[in-house]
1. Exposed loop trypsin sites (Lys or Arg not before Pro) only (DSSP loop, at most 14 other Cβ atoms within 10 Å): please give the longest stretch of the chain free of them, not including the sites.
2. So for the stretch 4-155, taking the charge dipole from beta-carbon charges (+1 Lys/Arg, -1 Asp/Glu), which of Ser138, Ile45, Phe149 sits furthest toward the positive end?
3. So how strong a dipole does the stretch 1-110 carry about its Cα centre when Lys and Arg Cβ are +1 and Asp and Glu Cβ are -1, to the nearest 20 debye?
4. Take Ala139 and Val6, extend 7 Å from each Cα along the Cα→Cβ direction, and tell me the distance between the two endpoints in nm.
5. Starting from the Cα of Ala156, step 7 Å along the direction of its Cβ; do the same at Asp14; then give the gap between the two resulting points in nm.
6. Please report the relative contact order for the chain, taking Cα pairs under 8 Å with a sequence separation of at least 6, and give it as a percent rounded to a whole number.
7. Only Cα pairs within less than 10 Å get springs; with that Gaussian network setup on the chain, which residue of Ser105, Ser61, Ser138 has the largest fluctuation?
8. Determine the shape class of the stretch 52-120: with a ≥ b ≥ c the square roots of the Cα gyration tensor eigenvalues, call it rounded for a/c under 1.5, and otherwise prolate if a/b is greater than b/c, oblate otherwise.
Amino acid sequence: MKDFEVFHNIEELDNESKYLVHKAKEATIHAYAPYSKFHVGAAVILDDGTVVTGANQENASYPLCMCAERVALYTAASLHPGKKITKLAVVAHKRNHKELMPATSCGACRQVMLEFEHRQHAPIQVIQLAKANEWVKSADIGSLLPFDFSGENLLAV
Ligand code: THU
């Protein structure tokens, strides 16, 4: 089931989402993106209110680049095991540019988000800037990745 809301002004988002977008923006400072110059920041909030951030980390061997979302998710799981992630925000900008660029999570990150959602048995909301002035708030990862592949597929004979 696709379940998302679109906001044409960031001010229309709820306060927690705005705060998380702000933390994701701050996290872009720690991006290491000498190749793409695309600085991405992600922030997740846990069920106890803790915020964990991540930024993309690139490598001269391009396939080894790691997206901001996965840095944030894996850091949250490692530092705060057992805590549920309730929401994730991701933003991006080009180096030396203040304005945000539209950036929706890649398929690999969506797949990883989905497994987080399954393992914690609770939805993760996602806030992304899909187009200029178009913030999308998805109710869960299933809305971003329908007909997914999960551990259940491996159990089915
Ligand atoms: N990137 C992310 O951090 N998140 C995404 O969802 C899409 C792409 C990063 C990876 C790479 O460092 C740069 O953006 C260009 O693809």
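1. Within the chain, the longest run free of exposed trypsin sites (Lys or Arg not before Pro) spans 99-157.
2. Most positive-ward Cα: Ile45.
3. Details: 13 positive and 12 negative charges, 84 e Å.
For this selection, approximately 400 debye.
4. 1.8 nm
5. With each label placed 7 Å out from Cα toward Cβ, I get 3.3 nm.
6. For the chain, the relative contact order is 25 percent.
7. Of Ser105, Ser61, Ser138, the most mobile in the Gaussian network model is Ser61.
8. prolate
Every number here is computed from the coordinates shown, using simple stated rules; none is lab data. Since this is a predicted model, take the numbers as computed values, not measurements. Cβ atoms come from the backbone with ideal geometry, glycine included; neighbour counts cover every protein chain shown.
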